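Down below is the structure, laid out as structure tokens.
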Amino acid sequence: MQPKSIDIGGLHTPNNVFLAPLAGYTNAVFREMCYRLGAGLTFTEMVSAKGLCYGSKNTEELLFVTPTYDGIKAVQLFGSDPEYMRRAATSEQIAPFDLIDINMGCPVPKIFNNGEGSALLDDMPRASAIIKACKQSGKPVSVKFRIGITEQKLVAVDFAKMCEDSGADMITVHGRTRDKIYAGQVNFAEIEKVKRAVKIPVIANGGVFCYEDMQNLLCNTGADGVMVARGAMYAPWIFCSLTGRPEPDRTELVLKQLEDTLSLFGERFALVFIRKMAAFYTKGRRGSSALRERLFMCNSIPELRSLIEDAQF
């Protein structure tokens with residue numbers, strides 16, 4: 001596959017291989033790292049519209065952008081109240097972002113039970129109102145959603161048409177239902193039906209851990225591009241193989257991630273976050289179990305640097 005640009009309401013991505021918004025992972029440093037490795041578009045962690053309107057410090061930290069990031073800046077908002085979504089989308093905090101993505105697919109019970117995320121699959125009028133509210137920002141708007149809440153009620157095609165009719169400039173379809181979370185096979189057929197039903201770009205999401213997975217997803221759905229989630233958590237250098245770029249030295253890459261995270265977020269956050277990520281990066285490698293034990297017992301930045309230098313990524 002030759003990477004191609006995607007036109008999202010006038011924004012042109014460098015390619016069609018995107019990094020998914022991942023709560024607890026896609027902070028500013030991780031986003032820039034994946035962008036430099038080849039991701040054509042990256043998204044913030046999911047940001048609560050209500051939290052943003054109330055001035056939550058934790059919420060605003062999710063909006064950090066590294067000074068050297070020069071790609072399209074995309075923020076993902078979530079909420080169930082169109083007015084809060086409008087206020088968030090038009091706020092000063094969101095002004096630096098080029099694209100607003102709306103989370104209508106999160107399966108986590110806390111979000112779902114609050115009528116947010118994938119719960120909106122069962123409330124199309126409210127979902128439509130939210131999209132229209134975010135469009136008042138004047139920015140391109142995308143929507144990320146699942147194919148349904150259960151296999152017995154697949155709504156992807158109707159939901160996609162609603163998104164397009166409401167003004168969405170792109171949609172991302174996770175090919176699993178809400179009750180499957182991240183288990184089971186991706187439903188290629190439903191994503192293909194969506195692609196045939198709308199004219200706006202359709203990005204396929206789910207199960208991409210290597211180049212062959214990406215090819216399989218694109219060939220079986222006809223989607224315009226792919227979005228990588230857990231595959232990037234375990235190996236951010238996946239974007240090199242997906243886009244045909246040379247891969248950098250992994251140890252140097254993780255050391256830079258540590259230094260950049262330390263600089264932007266401070267020692268406490270950097271220690272906890274990079275320990276977690278280094279454990280992901282070494283999963284399945286020889287001696288990785290012993291290394292993970294050492295990582296989680298590590299309690300200083302110098303010790304963490306030493307462990308990274310000795311690790312096999």
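Here are a few things to note about the model shown:
- In the chain, the longest principal axis of the Cα atoms and the axis of helix 156-165 are about 70 degrees apart.
- Charge dipole (debye, nearest 20) of the range 15-117; +1 at Cβ of Lys and Arg, -1 at Cβ of Asp and Glu: 120 debye
- DSSP loop trypsin sites (Lys or Arg not before Pro) with at most 10 other Cβ within 10 Å: longest gap in the chain: 1-198
- Across the range 130-164, the residues whose backbone nitrogen lies under 11 Å from the label position 7 Å along the beta-carbon direction of Asp179 are 149-154.
- Straightening the chain between Glu303 and Ala290 buys 3.1 nm, computed as 0.36 nm per residue apart minus the Cα-Cα spacing.
- Counting neighbouring beta carbons within 10 Å and listing from fewest to most, the residues Ile301, Ile72 come out as Ile301, Ile72.
- Contact order, relative form, for the chain: 14 percent (alpha carbon pairs under 8 Å, 6 or more residues apart, mean separation divided by residue count).
- Farthest toward positive dipole pole in the range 250-310 [+1 Lys/Arg, -1 Asp/Glu at C-beta], among Gly287, Ser306, Leu255: Gly287
- Between Asp310 and Phe64, the distance separating the two model label sites (each 7 Å from Cα on the Cα→Cβ line) works out to 2.8 nm.
- When each of Lys110/Lys144; Lys73/Lys153; Lys195/Lys256; Lys4/Lys199 is checked by Cα-Cα distance, pairs over 28 Å: Lys73/Lys153; Lys195/Lys256
- Under a model in which nothing but the beta-carbon of Lys, Arg (+1) and Asp, Glu (-1) is charged, the range 251-313 shows a dipole of about 320 debye around its Cα centre.
- Within the chain, percent of DSSP bridges classed antiparallel, to nearest 5: 10 percent
- Grouping the Cα pair distances of the range 112-177 into 5 Å bins from zero gives a pair-distance distribution of 3, 19, 31, 26, 14, 5, 1, 0 percent in increasing distance order.
- Pairwise centroid distance, computed over Cα atoms, of the range 123-145 with the range 245-266, Å: 35 Å
- Counted over the range 250-310 with a bin width of 10 Å, the fraction of Cα pairs per bin, in whole percents, is 25, 61, 14, 0.
- Phi-derived couplings, Karplus 6.51 cos²θ - 1.76 cosθ + 1.60 at θ = phi - 60°, listed residue by residue for the range 52-67: 5, 5, 8, x, 5, 5, 4, 5, 5, 5, 5, 8, 4, 10, 5, x Hz, with x used for Gly and Pro.
- Whether the chain is rounded, prolate or oblate, judged on the alpha carbon gyration tensor where a/c under 1.5 counts as rounded: prolate
- The angle separating the long axis of helix 124-135 from the principal Cα axis of greatest extent in the chain is about 70 degrees.
- Phi-derived couplings, Karplus 6.51 cos²θ - 1.76 cosθ + 1.60 at θ = phi - 60°, listed residue by residue for the range 307-312: 5, 5, 4, 8, 7, 10 Hz, with x used for Gly and Pro.
- Rough spin-label spacing in nm, given labels placed 7 Å along Cα→Cβ, for Met124 and Cys210: 4.0 nm
- When shorter helices are ignored and each DSSP H run of at least 4 residues is given -39500 (n - 2.57), the per-residue value for the chain at 222 nm works out to -12500 deg cm²/dmol.
Rule-based calculations on the coordinates, nothing more; no lab input. These numbers come from a predicted model, not from an experiment. Neighbour counts are summed over all protein chains in view; Cβ atoms, including those assigned to glycine, are modelled from backbone coordinates with ideal geometry.
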